[in-house]
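The structure under discussion appears below in the form of structure tokens.
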Amino acid sequence: MSSRPSASNLEIEPLAGALGAEVRGIALGALRDDEWKAMREAWLEHLVLFFPDQHLGHAEHVALGRRLGEIEIHPFIPKVSDAFPEIVVLDSDKGARADTWHTDVTFSPTPPMASILSMVVCPDRGGDTLWTNQLLAYETLSDPIRDLVDGLTAVHTAAPFGRPEVRAEHPAVRIHPETGRRALFVNRTFTSHFKELRRSESDSLLRMLCDWSEQPAFQIRYRWSKGAIGIWDNRCTMHFAINDYDQSRVIERVTVLGDVPRGPAARWRAFEGDGRSAAGYGAGSSAGSGPRRGIETDPRTNSIAKPA
Ligand SMILES: O=C(O)CCC(=O)C(=O)O
Ligand SMILES: [Fe+2]
């Protein structure tokens, strides 16, 4: 059922059980303050909002990002122009198909709080994007597993961009800075391992948690149209761009800087090995070789996809 907050003509229609809503009745290029307030509240509730028919110019796109916070300049992805280094372009014809589950830039000490995607060239069919609700993924874990992950620290690296030395540590469970809710904060693309576990234990747990979060009941799948805008809360979601189209697909994205992720207190010291197994983190172990199944086995291209 759609709802219409009294402060504006905003119509908000939830699109799935887990997360995601489509918003109509506002122009993102000319937002009133009351509309912005209603939109921001809806965003925290639905985690990803879609706004069809916006057709934002570059300056409007950046201005929208600035309403949310400071813009992040992405370290690796190409920019739309010298005039707008704040906007990255993902062009499918240049191989940019982000078809592995990820949360944006978690290899940074301050991963973005939000990403704002503008659909510039949209295929006639295909090219939908999926998101997961990582709050729900955390809340539905069994008590013993939730208790375990509450006390873990995850290492994230930029290995998918060929830069495994670029890394950050974050709590495996993130406390959302605005709502206080806890979210599972690991992803198959950038999370390498849990610091406190033996490599083999870490690989198994990470795979289990990723399999759990990626299940359809925690997802929304959005069908894009040219000129649509999508804004997601990067602190408590993952996403995946489906690689099922032959036509061109071009998106532009502005990302908004986030804070340092906070979680429950870490409870154990880093794993240092017990002398019995090589599957620890000592010499010879391969940090950065976590269970990134999606990257290595893309069925259509048989090539390494570029997560974004
Ligand atoms: O192409 C998409 O739909 C999403 C790409 C992506 O991962 C991103 O913009 O962060
Ligand atoms: Fe992304």
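Since every read-out is calculated from the coordinates, none of them should be taken as a lab result. Remember, predicted model here, so these are calculated numbers, not experimental data. Glycine gets a Cβ as well: all are built from the backbone with ideal geometry, and neighbour counts include every protein chain shown.
On the principal axes of its alpha carbon atoms, the chain extends 64, 40, 33 Å, with the longest extent given first.
Run the numbers for Leu44 and Ile73: contour at 0.36 nm per residue of separation, minus the present Cα-Cα distance, in nm. Numbers along the way, then the final one.
Details: separation 29, 0.36 × 29 = 10.44 nm, distance 2.37 nm.
Computed gain between Leu44 and Ile73 is 8.1 nm.
Considering only DSSP beta bridges where both residues belong to the chain, give the percentage that are antiparallel (nearest 5). The partial results should precede the final answer.
Numbers: 52 of 54 bridges.
Bridges in the chain are about 95 percent antiparallel.
When each of the peptides 67-74, 207-214 is scored by the mean number of other C-beta atoms lying within 10 Å of its residues, the order from highest to lowest reads 207-214, 67-74.
Can you tell me the FRET efficiency between Asp53 and Asp211 if r is taken as the Cβ-Cβ distance and R0 is 45 Å, rounded to the nearest 0.05?
Working: r = 37 Å, r/R0 = 0.81.
The calculated FRET efficiency here is 0.75.
Residue by residue, segment 110-121 carries 3J(HN,Hα) couplings of 10, x, x, 7, 8, 10, 10, 9, 10, 8, 9, 10 Hz when phi is fed to the Karplus relation 6.51 cos²θ - 1.76 cosθ + 1.60 (θ = phi - 60°); x denotes Gly or Pro. A cut-off of 5 Å between modelled amide H atoms, ignoring neighbours fewer than 5 places along the same chain, links Val166 with Ala158. Sequentially through segment 69-82, phi angles give Karplus couplings (6.51, -1.76, 1.60; θ = phi - 60°) of x, 6, 7, 9, 8, 5, x, 10, 7, x, 9, 5, 6, 5 Hz, Gly and Pro residues having no value and appearing as x.
Compute the signed sum of charges (Lys and Arg +1, Asp and Glu -1) over the other residues within less than 10 Å, Cβ to Cβ, of Pro78.
Details: positive: Lys79, Lys94; negative: Asp91.
Every neighbour counted, the sum reads +1.
Residues whose amide H comes within less than 5 Å of that of Ala114, counting only those at least five positions distant or on another chain, are Asn234, Val256 (H built at 1.01 Å from N in the peptide plane). Pairs of Lys residues in the chain, spaced 8 or more positions apart or belonging to different chains, with C-alpha separations under 26 angstrom: 8 in total. A Förster radius of 25 Å combined with the Cβ-Cβ distance from Val166 to Lys226 puts the calculated FRET efficiency at roughly 0.15.
Show me the ranking of peptides 48-54, 98-104 by mean Cβ neighbours inside 10 Å, starting with the highest.
Values: 48-54: 20.3, 98-104: 24.9.
The packing order, highest mean first, is 98-104, 48-54.
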